[in-house]
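Nothing in this text is a laboratory measurement; each read-out follows from the coordinates by a stated rule. All values derive from a computational prediction rather than experimental measurement. Using ideal geometry, Cβ is built from the backbone for each residue, glycine included, and neighbour counts are taken over all protein chains shown.
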């Protein structure tokens, strides 16, 4: 679940954006000025900052520069100035995206999702992402061969969707993955992946893993959050 910090001196905008982001399954904190924003950023961890350019105690550009230097958190800048010069200045200061006021709330949500997707794609692949063979709860999964063997040595066939889903899970054991994350992680050229298809793939994969000697379900549903692959994988 993404954690957003909304920095805006207008209380109506703060309350409105906080409620909007929460409706789209994001955690939202708010700050009324630069001082409050600095306190929040020093005290917590955030995935994105939605920052108004005009703040009562300091220039939003200065705060944006400080955020990039001290916390390296992506910034979407909001401003009432729609001229190209303000947009260019904000981006050159370190903002990752720019949205002029007034704006469509759903567009802000879409820009946050798009920004977080770009950041995930830029991240270097971890060791687990280059690994081919995974063992868990008696099962053996060969990602290169797309082969899953049960604890009794029986080869279990997997659909393409199930293969992509299991690959995403074994790379991130013990982590709650939201539907949006799973959509991004299991996307393939020419394949339409959505909430419904993710749920179906999870259900089918879960059924195929029911024969495990494991005492607890390997794929757990975390209500309101997503799914968790509850297995220990040897390093």
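By how many degrees, 0 to 90 and rounded to 10, does the Cα axis of helix 84-93 deviate from the longest principal axis of the chain?
60
I'd like the orientation of helix 195-208 relative to the chain: the angle between its Cα long axis and the longest Cα principal axis, in ° from 0 to 90, rounded to 10.
Roughly 30 degrees between the two axes.
As a check on your grasp of the helix formula, calculate [θ] at 222 nm for the chain: sum -39500 (n - 2.57) over DSSP H runs of n ≥ 4, divide by the residue count, round to the nearest 500.
When only DSSP H runs of four or more count, the value is -13000 deg cm²/dmol.
Give or take rounding to whole Å, what are the principal axis extents of the alpha carbon atoms in the chain, in descending order?
67, 36, 30
Could you please rank 119, 219, placing first whichever residue has the fewest other Cβ atoms within 10 Å of its Cβ?
Exposure proxy ranking, most exposed first: 119, 219.
Would you mind ranking 21, 108 by Cβ crowding within 10 Å, fewest neighbours first?
By the 10 Å Cβ count, ascending, the order reads 108, 21.
Treat the count of other C-beta atoms within 10 Å as a stand-in for reagent exposure and order 48, 6 from fewest to most.
Ranked by crowding around the Cβ, least crowded first: 48, 6.
Give the shape of the stretch 3-122 as rounded, prolate or oblate, defined through the alpha-carbon gyration tensor: a ≥ b ≥ c are the square roots of its eigenvalues, a/c under 1.5 means rounded, and otherwise the shape is prolate if a/b is larger than b/c and oblate if not.
Here the stretch 3-122 falls in the rounded category.
Taking a quarter of the surface of the convex hull around the Cα atoms of the stretch 127-229, what do you get in nm²?
Its average projected convex-hull area is 6.4 nm².
Using only the alpha-carbon atoms, how far is helix 60-70 inclined from the longest principal axis of the chain? Give it as 0 to 90 degrees, nearest 10.
Between helix and principal axis, roughly 40 degrees.
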